Amino acid sequence: MLQLLPIRLSSAVRRSVLVASCTIGLSLAAQAQQAPRTIHLSPEDQQRGLNGVQKNFFFTTGDGSTEAEYKNAGFFGQRLRPYLAGNEEALDNLNRYRRQKWMYLTERLVFVGAVGMYSQQVFSLDDRQQYFNNNQKVAAGIALASLLSNVFISRNTNSHMQRAVEANNAGLPAARTGALQLRPSSVGLTASNTGRPLLAFTWNLR
């Protein structure tokens, strides 16, 4: 940490500098809270490929050394969304993931409904079992179409989540990807030996 005190201030601007220093300090604190962070998917989720299983992703903003560090991203990835704020490409991919999950959920409901409709028609009103009447043909057709659509829906769903994370990490500033960056962390007033106030900057090496 470096500290620099080179600027003398007259009494006419002390109040303005004090207000400005408070404003800058609050702004820096807000930026620190909202700064994007590197996101890591769990090792299992990183390996998901095309037509992978449709279950929730787990992620961490730490080093991912323990299982407890990973957070559930939610069925639609909603718990990951705050970490992607400000990155349009990442959010676009997350929106595509959410769209695919809605389609997947709809397909599952249609399939279950078609199976239920078929099962209901097995026993007719006169208690004779039927397995291929007209209603059952329609139900079987719907169920088959639902299963086929599931293949196309599920094929790229997981890749949208992975791309969202990749886009977030690719868009991080240099300070977050290993390069050294010097940036002020706070601004304030301090007294000198002469009794005159000085403008003080505190710097952090990251």
The one condition in (1) at pLDDT below 90; (2) assigned to a loop (DSSP other than H, G, I, E, B); (3) farther than 16 Å from ASN156 by Cα; (4) of a type outside the set (A, V, I, L, M) that SER27 fails to fulfil: (2)
What is the one condition in (1) part of a loop (DSSP other than H, G, I, E, B); (2) crowded, with 17+ Cβ neighbours inside 10 Å; (3) charged (D, E, K, R) that ARG79 does not satisfy? (2)
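In the stretch 104-148, how many are assigned to a helix (DSSP H, G or I) and exposed (fewer than 15 other Cβ atoms within 10 Å of the Cβ)?
So the count comes out to 19.
Residue by residue through the stretch 82-95, note down the ones that are within 13 Å of HIS160 (Cα to Cα) and open to solvent by 10 Å² or more (accessible area, probe 1.4 Å).
GLU89, LEU91, ASP92, ASN93, ASN95
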Checked the stretch 37-51 for anything on the phi < 0 side of the Ramachandran plot and open to solvent by less than 90 Å² (accessible area, probe 1.4 Å); matches are THR38, ILE39, HIS40, LEU41, SER42, PRO43, ASP45, ARG48, GLY49
Out of ASN72, ASN156, I need the residue that is in contact with a helix residue (DSSP H, G or I) (Cβ under 8 Å, 6 or more places away or on another chain) and not β-branched (Val, Ile, Thr). Which one? ASN156
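Look at ALA164 and say whether it is open to solvent by 80 Å² or more (accessible area, probe 1.4 Å), at pLDDT 90 or above, among the small types (Gly, Ala, Ser) and under 27 Å from ALA90 (Cβ atoms).
Values: open to solvent by 80 Å² or more (accessible area, probe 1.4 Å): no; at pLDDT 90 or above: yes; among the small types (Gly, Ala, Ser): yes; under 27 Å from ALA90 (Cβ atoms): yes.
No: the conditions fail for ALA164.
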Which one is least open to solvent (accessible area, probe 1.4 Å) among residues in the stretch 52-70 that are closer than 15 Å to MET161 by Cα and assigned to a loop (DSSP other than H, G, I, E, B)? PHE57
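The values are calculated or read from the model by the stated rules, or taken from the named source; none is laboratory data. Keep in mind it's a predicted model, so treat the numbers as computed, not measured. Note that we place each Cβ from the backbone using ideal geometry, even for glycine, and neighbour counts take in every protein chain shown. Only protein heavy atoms, including side chains, enter the accessible area calculation; ligands, DNA and RNA are left aside. Shrake-Rupley method; radii C 1.70, N 1.55, O 1.52, S 1.80 Å.
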